[in-house]
Structure formats: structure tokens, C-alpha cells
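Q: Just passing along the structure, written as C-alpha cells.
A short reminder: the numbers here are calculations on the coordinates, not readings from a lab. The structure presented is a predicted model; accordingly, all values stated were derived computationally and were not measured. Please note: Cβ atoms are built from the backbone with ideal geometry, for glycine as well, and neighbour counts cover all protein chains shown.
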Amino acid sequence: MTGSELDKYERDGFLVLENFVTPEACDVLRARAERLVRDFDPAGVISIFSTSEQTRTSDDYFLESGDKIRFFFEEHAFDAHGTLKRNKDQSINKIGHALHDLDQVFNSFSRTPQIRQLVLDLGLTEPLLLQSMYIFKQPHIGGEVTCHQDATFLYNEPLKMVGLWFAMEDATVDNGCLWAIPGEHKRGLKSRFLRADGGGTRFEILDDSPWPDDNLRSLEVKQGTLIILHPLLPHLSRENRSEKSRHAYTLHLVDASAHYPDSNWLQRSTPARGF
């Protein structure tokens, strides 16, 4: 990375790198994700992803997904009787959270010399690939992801983490692109998402002041773009009510030298691995 790119990342809390991966690589990953969904049998599994009511929708299927490949539905995918309103492949919100370890196609995409050098440039001296998600943002029912900081969910001490958001398709305001608040990462962590002592999860609020929403900036990007996200950057995506999906793949990397607390919601039975 260039000095100007690193300066921009430090100033804004995010950096947009166009054409980081080829359209062909995006198409391969998208096809693999769609194949995984086709092979997934949802019988008996109704795990819904919702950032607005995450403590309500936390279940064992979700809490044990840190080192597995599991499937989570859109909040509006079911009717009042618990029946899918549309086909399975049009109802999945995301796949997570160990695609990069357990699927060869995702592993090949995630562990490249370019990504390794990128995170080294960003200051991770011993980078470990902790979490991956393939996000579909389905047409018409793609759910909102409320304003949050990645460190709320994947905290470590000292804070050494980075989020990588790859656009598998063009992302626009219409189909639910990312929005971010430039510079707001400098104000510190506002909450943590923890495992509750009695089971399930809870939020620990550190700062309940509202986000400065007037400063939100839309990040419309083309397929193949990488958006680098600081762990304290407030960002969100709005509902997708358009005809077009907005597929994205995300990776979160941490540094082996930092302490990863047992209280974090995401835990692994096997240690995170590097490159």
C-alpha cells in the first residue's frame, strides 16, 4: 500500500481499492456460494440473522458457528406460520463463519499473497483469519444492517483487527451498499456483543450517545472492489428493496499477539490460522 492510501485509511477509517480482485474471481466465489446454498438442507433449521434484535435471534446454531459453515435466513423470509415465502436460494441472508477454513474455493480466495501483504501493511504483524461471511443481500427482502463497529463483535486487546469487504457484485444505494461515517473511528468503542452468563448473548453499552448520522457517506462500488474497514469505523447497509442482489464477501483478521477474550460471542474449537 502507498503512503497516501495508508494516510487516507487512518484519516477516514476506511479505504476503497477498486479492481482488487478480478470479475472472474468474483464469479467463481459467487457460484460456489450458490452451490453451497443448493446443497444445504434447511429442514429443522430456522436461524435468522438480524442486527436490530441480535440477542433475540442468538441460538446454539449461531453461537457454535465460529469454526463451521452455517446458513442464516433473512428476517422477512418466513410467513407467520414459519414457512419460507420464496425459494431457499432467495431467502438466505448469509453463510458463516469459517468458509475460509473449511471450503477450498473460499480458502483459495482468502489466502493470497496480495491479501497477506495488505494486512501486513495495515499493521498486523501476525495476521490470523478469524471470520468469514458470504452475504447475499437478497432482492426485495435484503435486510438492513444497523450502524455498528466491527470491534463490537470481534474485540481483542490491544485492538488489532481489520475488516475486508469484497464486492462480488456492483453495490449501489438502490441495492444496499455500505454507508460509513468518515473519521468517527477515532471516538472509541461504543459497545460489545458478549456471551451471556446464563446462555445466549448480551450487549455491554460503553457509550450510548447517538451516531452522527448526518455525516454518513454512501460507498457505491463496482464488482471486484475491496473496502478496508477499521474495527472502530461506524458503518451500515440499508434494506435492499430493488430487483438486484448485492453479494459481498467479508473477512475479519486479527493479530496473534493480541488477546482474544472468551467473552466474545464468536469462539472456535480450533485456533484461527494465518496464511
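Q: Quick check on the stretch 101-188: take the gyration tensor over C-alpha atoms, sort the square-rooted eigenvalues as a ≥ b ≥ c, and tell me if it's rounded (a/c under 1.5), prolate or oblate.
A: Because a/c hits 1.5 or more and a/b fails to exceed b/c, the stretch 101-188 counts as oblate.
Q: Viscosity 1.306 mPa s, temperature 10 °C: what is the translational diffusion coefficient of the stretch 188-275 from Stokes-Einstein with a Kirkwood Rh over Cα pairs, rounded to a whole number of µm²/s?
A: Calculated translational D: 95 µm²/s.
Q: How large is the helix-only mean residue ellipticity at 222 nm for the chain, computed as the sum of -39500 (n - 2.57) over DSSP H runs with n ≥ 4, divided by its residue count, in deg cm²/dmol to the nearest 500?
A: That calculation yields -5500 deg cm²/dmol at 222 nm.
Q: Does the stretch 75-231 come out rounded, prolate or oblate, given a ≥ b ≥ c as the square roots of the eigenvalues of its C-alpha gyration tensor, rounded meaning a/c under 1.5 and, failing that, prolate meaning a/b above b/c?
A: rounded
Q: If you take the beta carbon distance between Asp27 and Ala196 as r and set R0 to 51 Å, what does 1/(1 + (r/R0)^6) give as a FRET efficiency, to the nearest 0.05?
A: The computed FRET efficiency comes out at 0.80.
Q: Roughly how many nanometres apart are two label points built 7 Å out from the Cα toward the Cβ at Leu189 and Glu18?
A: 3.6 nm
Q: Using the beta-carbon distance between Asp121 and Asp170 and R0 = 41 Å, what value does 1/(1 + (r/R0)^6) give for FRET efficiency, to the nearest 0.05?
A: 0.95
Q: May I ask which residue of Ile227, Val254, Ile181 lies farthest towards the positive end of the charge dipole of the stretch 3-255, with charges of +1 (Lys, Arg) and -1 (Asp, Glu) on Cβ and the Cα centre as origin?
A: Of the candidates, Ile227 comes out farthest on the positive side.
Q: Grab the other residues whose beta carbon is less than 12 angstrom from that of Gly224, score K and R as +1, D and E as -1, and report the net.
A: -3
Q: Still on this structure, I have one more. So, counting K/R as plus one and D/E as minus one, what does the shell of residues with Cβ under 13 Å around Glu64 add up to?
A: Counting the neighbours of Glu64, the net charge comes to +1.
Q: I've got another one for you. For the chain, restrict the atom set to alpha-carbon positions and state the Rg and Dmax in Å.
A: Rg, Dmax (Cα atoms, Å): 17.6, 55.
Q: Let me know the volume per residue of the alpha-carbon convex hull for the stretch 63-154, in Å³.
A: It is 142 Å³ per residue.
Q: A further question on this structure: Dipole size in debye (nearest 20) for the stretch 3-255 around its Cα centre, Lys and Arg Cβ +1, Asp and Glu Cβ -1?
A: 280 debye
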